[in-house]
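Written below as structure tokens is the structure these notes are about.
The values are calculated or read from the model by the stated rules, or taken from the named source; none is laboratory data. Computed from a predicted structure; not experimentally measured. So basically every Cβ, Gly included, is an ideal-geometry build from the backbone, and we count neighbours across all protein chains shown.
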Amino acid sequence: MNTTTLRKLSYFLSLFLVVALISCGGKKKEDEEEAGEDKGAATTGTVATVDMANGATITGTVKLDGKAPENKVIKMEADPVCKAAHTAPAMEDHWLVGGAGEVANTFVYIKDGLGGKTYAAPGDAITLNQQGCQYQPHVFGVMVGQKIKIQNSDQTLHNIHAHGDKNEQFNEGQPAGSPAKERTMDKVEVMVPIKCDVHGWMNCYAGVLNHPFFAVTGKDGKFELKGVPPGDYTVTAWHETLDGKGESVDMKVTVAAKESKTADFTLKPQ
Ligand SMILES: [Cu+2]
């Protein structure tokens, strides 16, 4: 082989290598894109199920640091039916605090860390009752698409007005004796205030999530989140007295499969 032939061979070999490298690079990129699509489908396009057998449990108590502000008596004279429904004076229910500072009606939920997973709503409805011209429950969680069954147990007219920012508002009268209404909310929103336009003191809150890892503390201040997938989370405690003040209390919690972790929250009286 003479020098010219060698040069030509070397040129074609280089060209071949460049083409081969480009092809490999392109293939790698395609593979990455496909993997990305698959990952996306796994985290955002599919509906996850709760694995109770392998999931972790996060439990805790919400306590108040300080003395609870006193609830005021609700003046129900404007509607004799409401007043007659109470043998003792009806009290506001902004603060339900136990002897050791346990705070009820705190909405505790996973705010971040589920990687965009969504979960199917349960078939069972959440019942929101209007009784004695107060809402029962005062704070509740509901999943996106889950039915909220709204009952009027009072012999008077109520008007349910949901003041969501992201969810469509609804504003409907419900006369005494009328059947329960069923409504759903279709956007994640913590919290949606619900009020009665007839009785100005009536208010409650719905926490709307696309996953089931939420709870409302009872009178013992306790909550439990079960079946939580292993991961790093922001768990948040919301209380109505913090609402509108730009605050809720966040806590970082990491859980492994089947692990039990404690996350105790302390609220400051507002
Ligand atoms: Cu009312």
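In summary, residue 149 fulfils each of the numbered conditions (1) within 16 Å of the ligand (Cβ to nearest atom); (2) surrounded by fewer than 18 Cβ atoms within 10 Å (Cβ to Cβ); (3) outside any loop (DSSP other than H, G, I, E, B) with the single exception of condition (1).
Surrounded by 14 or more Cβ atoms within 10 Å (Cβ to Cβ), within 15 Å of the ligand (Cβ to nearest atom) and closer than 21 Å to residue 121 by Cα: does that describe residue 162? It is true that residue 162 is surrounded by 14 or more Cβ atoms within 10 Å (Cβ to Cβ), within 15 Å of the ligand (Cβ to nearest atom) and closer than 21 Å to residue 121 by Cα.
Within segment 228-252, the set of residues being within 15 Å of the chain's Cα centre (by Cα), surrounded by fewer than 16 Cβ atoms within 10 Å (Cβ to Cβ) and at pLDDT 95 or above comprises 234 only.
If you check residue 82 against the conditions, is it on the phi > 0 side of the Ramachandran plot and of a type outside the set (Ser, Thr, Tyr)? So residue 82 fails the test.
Restricted to strands (runs of 3 or more DSSP E) entirely inside segment 186-242, those with at least 1 residues that are within 16 Å of the ligand (Cβ to nearest atom) are 189-196, 203-209.
Residue-wise test of (1) within 16 Å of the ligand (Cβ to nearest atom); (2) out of contact with any strand residue (DSSP E or B) (no Cβ under 6 Å at 6 or more places or on another chain); (3) within 25 Å of residue 182 (Cβ to Cβ).
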| residue | (1), (2), (3) |
| --- | --- |
| 82 | yes, yes, yes |
| 115 | no, yes, no |
| 128 | yes, no, yes |
| 133 | yes, yes, yes |
